[in-house]
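What follows is a set of notes on a single structure, which appears directly below.
Derivation of every value follows stated rules applied to the coordinates shown; laboratory data play no part. Everything quoted here is computed from the prediction, not taken from an experiment. For neighbour counting, all protein chains shown are included, and Cβ atoms are generated from backbone atoms with ideal geometry for every residue, glycine included.
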Ligand SMILES: [Zn+2]
């Protein structure tokens with residue numbers, strides 16, 4: 001049985017560590033930060049979640065769609 005690629009389990013691209021904490025993005029008012037593609041109209045976009053590496057402290061962004069399509073391992 002082949003395992004489907006799961007980006008949430010991919011190692012840190014900076015240091016190779018595999019331990020992360022997960023969370024969401026916030027602005028100064030506590031709202032989400034969004035990614036908006038050039039073709040998306042005003043009001044379009046996807047809210048962003050974060051993955052922080054325990055080792056090097058790098059933070060990666062993923063669209064929230066990942067949280068719905070993958071089972072995230074939250075420590
Ligand atoms: Zn790292």
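A few points about this structure:
- Efficiency of FRET from Cβ geometry, residue 46 and residue 9, R₀ 22 Å, rounded to 0.05: 0.60
- Eigen-decomposition of the gyration tensor built on the alpha-carbon atoms of the chain gives equivalent ellipsoid semi-axes of 24, 17, 11 angstrom, largest listed first.
- Between residue 33 and residue 59, the contour length at 0.36 nm per residue exceeds the Cα-Cα span by 8.0 nm.
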